[in-house]
Amino acid sequence: MNLTVKTTISWLEKFDEKIQVNKDLLTDLDQAIGDGDHGINMSRGLTEVMKTLESKSFQTIGDLIKGVAMTLIGKVGGASGPLYGSAFLKMGAKIGAKEQLSDEELLEALKEGEQAIIQRGKASVGEKTMVDVWSPLLEDFSQETHINWEDLKVAAHEKMTGTKDLHAKKGRAAYLGARSVGHIDPGAMSSYLLFESLAETMMEGENNNG
């Protein structure tokens, strides 16, 4: 099933729901190894994104994604706003004026988002950050022209839980040294929720069309 403006909105609405439900969990994860504000910032950011979607009309996916990006950059504190905002901004630029995206085109846009996160956060795989979900997940599905969304959802969960065993090398968590091991990275958790929301939205669309 192709991604459209309508399904992109559904994806973001589902992401918002998951962030709000998991706000306290994200905060707890961040209190263990970070600044303790990831849940609060993500909750605030997605609330503002929902306001943007309600107040504006978007004709193309690119414009919609750019609108989300500017909201996140302008309204979210901490590291999460600039990182997610940069990702969505690069995704929107890649998508451009398209009104629908194939799985292959969606993956290409997500890879642009991944690169933006890497450039902004100066992080690489294995350093216990959101990159540890984005990079290996997109690499796993890089050759797919038709994504099995259930497989992607499962894989995203595996990447997220895998950060528990990593030794943090970036951000405040790095100061904990070996004590950071045993905790899931909060940015990896919110990234999992993003990909889980996408997978569930696409599966629902496929089932409805089927």
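Per the conditions (1) over 18 Å from L198 (Cα atoms); (2) buried (at least 19 other Cβ atoms within 10 Å of the Cβ); (3) of a type in the set (D, E), the sole criterion not satisfied by D16 is (1).
Within the range 108-132, the set of residues being surrounded by 20 or more Cβ atoms within 10 Å (Cβ to Cβ), in a loop (DSSP other than H, G, I, E, B) and of a type in the set (A, V, I, L, M) comprises A123, M130. Would you be able to say whether some residue in the range 48-63 is modelled with pLDDT of 90 or more and under 18 Å from M202 (Cβ atoms)? Looking through the range 48-63, at least one residue is modelled with pLDDT of 90 or more and under 18 Å from M202 (Cβ atoms).
Taking the criterion of being closer than 16 Å to Q20 by Cβ and either in a loop (DSSP other than H, G, I, E, B) or in contact (Cβ under 8 Å) with a residue 24 or more places away in the chain (or both), the residues of the range 48-59 that qualify are E48, V49, M50, L53. Checked against the criterion of being out of contact with any strand residue (DSSP E or B) (no Cβ under 9 Å at 6 or more places or on another chain) and not in a helix (DSSP H, G or I), the candidates G62, G78, G74, G67 yield just one match: G78. Considering only residues in the range 133-167 that are touching a residue at least 24 places away in the same chain (Cβ under 8 Å) and of a type in the set (V, I, T), the one that is surrounded by the most Cβ atoms within 10 Å (Cβ to Cβ) turns out to be V133. Selection of the range 4-39 for residues being at pLDDT 90 or above and outside any helix (DSSP H, G or I) yields T4, N22.
Across the range 19-47, the qualifying residues are those that are surrounded by fewer than 18 Cβ atoms within 10 Å (Cβ to Cβ) and without any contact (Cβ under 8 Å) to a residue 40 or more places away in the chain, and the one among them that is nearest to G74 (Cα to Cα) is T47. Taken as a whole, the range 86-102 holds no residue that is part of a loop (DSSP other than H, G, I, E, B), crowded, with 17+ Cβ neighbours inside 10 Å, in contact (Cβ under 8 Å) with a residue 12 or more places away in the chain and of a type in the set (A, V, I, L, M, F, W, C).
The values are calculated or read from the model by the stated rules, or taken from the named source; none is laboratory data. Everything numeric in this text was worked out from a predicted model, so none of it was measured. Cβ: placed from backbone, ideal geometry, glycine included. Neighbour counts: every protein chain shown.
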